[in-house]
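> Okay, handing you the structure first.
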Amino acid sequence: MTEAAVYGGDYCDTETFRAECARDEVVVMRSARYGRMALGRCVETEMGHIGCNRDVLTPVDRRCSGRRRCELRIPDAELESTRPCLRELKSYLEAAYSCLPGTNSLINITTISYNFYAPHYYTMSGKRDRQHFGHNFDKL
């Protein structure tokens, strides 16, 4: 099995998260958190609120996975609506994705070996193919 490369990082206020893959590949989001996870480039002063964050993989996955490229400008209204921290404090996005082969209308990412919470099938439009949910992927 092939180990998929992981791309991403921290995306501060006024920055844009850009995921882009080669022509024959698609984005598959691995993780996405929004808030004030740690002191660093995006949060320089603690102000008593470090560690407030939300897992936002679901909305970012919906907007990016299965596509060749996607962009999210920070702050993003949908991510802000999760209200991980006080409204007065600026949050940032911590995101990671991989590029997987995607030349057919159905991309099977179970053939790639990496620490991902569950295998999924995606159509080229970026939607999960629900007919494959509930299948025993351990026997593939």
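> Mind checking segment 22-93 for GluC sites (Glu not before Pro) that DSSP puts in a loop (not H, G, I, E or B) and that have at most 14 other Cβ atoms within 10 Å? Please report the intermediate quantities before stating the final value.
Numbers: sites: Glu25, Glu44, Glu46, Glu71, Glu78, Glu80, Glu88; in loops: Glu44, Glu46, Glu88.
Passing both the DSSP loop test and the Cβ count: Glu44, Glu46, Glu88.
> Between Thr45 and Asp24, how many nm apart are label points set 7 Å from Cα along the C-beta direction?
My value for the distance between the label points is 5.2 nm.
> Could you tell me the distance between the Cα centroids of segment 2-69 and segment 73-91, to the nearest Å?
14
> Hey, another quick one. Please give the contour-minus-distance gain from Asp55 to Thr16: 0.36 nm per residue of separation, less the Cα-Cα distance, rounded to one decimal in nm. Provide the component values of the computation, followed by the final result.
Details: separation 39, 0.36 × 39 = 14.04 nm, distance 1.83 nm.
Taking 0.36 nm per residue and subtracting the Cα distance, the gain is 12.2 nm.
Only the coordinates and a few stated rules stand behind these numbers; no lab work does. Note that the structure is a prediction, hence the values are computed from the model and not measured. Neighbour counts run over all protein chains shown; Cβ positions are idealised from the backbone, glycine included.
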